[in-house]
Structures are given as structure tokens and as C-alpha cells.
Amino acid sequence: MYKNERRMFDRFMVDFSAEIKTVEAQENSYGQCHDVSATGMGLFTEDKLIPNTKLELWLGVPNGHPPFHGSARVIWSKQVQEDKWRSGLEFEKVDFMSIRRIFTTLGQKA
């Protein structure tokens with residue numbers, strides 16, 4: 001968790017593979033999810049994600065669990081290295097049972 005943040009839900013550090021598809025362009029790309037909360041997630045990608053873009057996403061949840069599938073909106077995106085962008089995503093429709101599966105794999109209680 002991060003200190004000094006005014007969040008309704010804590011976020012937890014993870015290292016999940018992510019497949020994302022832009023809803024409008026139907027283009028697939030890949031990234032790495034680095035943190036997740038009940039309402040959103042942080043994502044590293046090779047390309048910038050444009051704020052307000054709607055995405056469909058699949059997270060590779062470890063320990064033999066099926067991938068988490070959901071939709072999100074890009075809130076912000078900033079370049080952290082030459083070919084690496086960090087973005088903040090907000091889940092569009094939150095399925096708390098699916099989110100709970102993620103936290104269960106982390107040993108956290110949702």
C-alpha cells in the first residue's frame with residue numbers, strides 16, 4: 001500500500017501479465033499490472049495509453065486461477081523510460097467477486 005494517498009480502497013502491489021484491447025479500435029496490446037485496488041489498477045506498457053480511452057482487459061492471475069476479465073478507462077499515462085509508460089486505470093464495471101479472487105491470491109482478505 002502507498003502512504004499519504006486519499007483513496008477509498010487500498011491498493012496492493014502485484015506482478016500480473018495483462019492483455020488490453022481498446023474498445024473503439026479493437027487493437028490488442030500487452031502490459032504488466034503493478035498494483036490493483038477494488039476500483040482500479042496501475043499498468044506498465046510499451047506505448048502511451050490515451051486518457052479517457054476505454055479498455056477491455058484480462059489479467060493473468062497466478063496459482064491456476066482463470067484470468068480476471070474486466071473493463072476500464074485510462075485516467076492518466078506518463079512516460080517513465082524510453083519505451084515504458086505507466087498508466088492509471090479505473091474499472092468501469094466492478095465485479096467485486098472477481099476482484100476478490102485477485103486479493104485471495106495475494107493472501108489478502110477482500
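Read-outs: derived from the displayed coordinates by stated rules, not from any lab. Bear in mind that the values here come from a model prediction, so they are computed numbers and not experimental data. Here Cβ is always computed from backbone atoms with ideal geometry, including for glycine, and neighbour counts include all displayed protein chains.
May I ask for the net charge around residue 76, where only other residues with Cβ less than 12 Å from the Cβ of residue 76 are counted and Lys, Arg are +1 while Asp, Glu are -1? Intermediate results must be reported in sequence, preceding the final value.
Values: positive: 48, 73, 78, 86; negative: 90.
Counting the neighbours of residue 76, the net charge comes to +3.
Hey, what do the phi angles of the range 40-53 turn into as Karplus ³J(HN,Hα) couplings, whole Hz, using 6.51/-1.76/1.60 and θ = phi - 60°, x for Gly and Pro?
Once θ is set to phi - 60°, the couplings for the range 40-53 become x, 7, x, 9, 9, 9, 7, 10, 5, 9, 7, x, 6, 6 Hz.
Around residue 22, under 15 Å between beta carbons, what's the net of Lys plus Arg minus Asp minus Glu among the other residues?
Taking every other residue near residue 22 into account, the sum is -3.
What are the residues whose amide H is under 5 Å from the amide H of residue 53, where those residues sit 5 or more places off or on another chain and H is modelled from the backbone?
Those lying under 5 Å, H to H, from residue 53 are 74.
Got the relative contact order for the range 12-105 handy, in percent, Cα pairs under 8 Å and 6 or more residues apart?
About 26 percent, as a whole number.
For residue 50 and residue 30 in one chain, what is 0.36 nm times their gap in residues minus the Cα-Cα distance, to one decimal in nm?
5.7 nm
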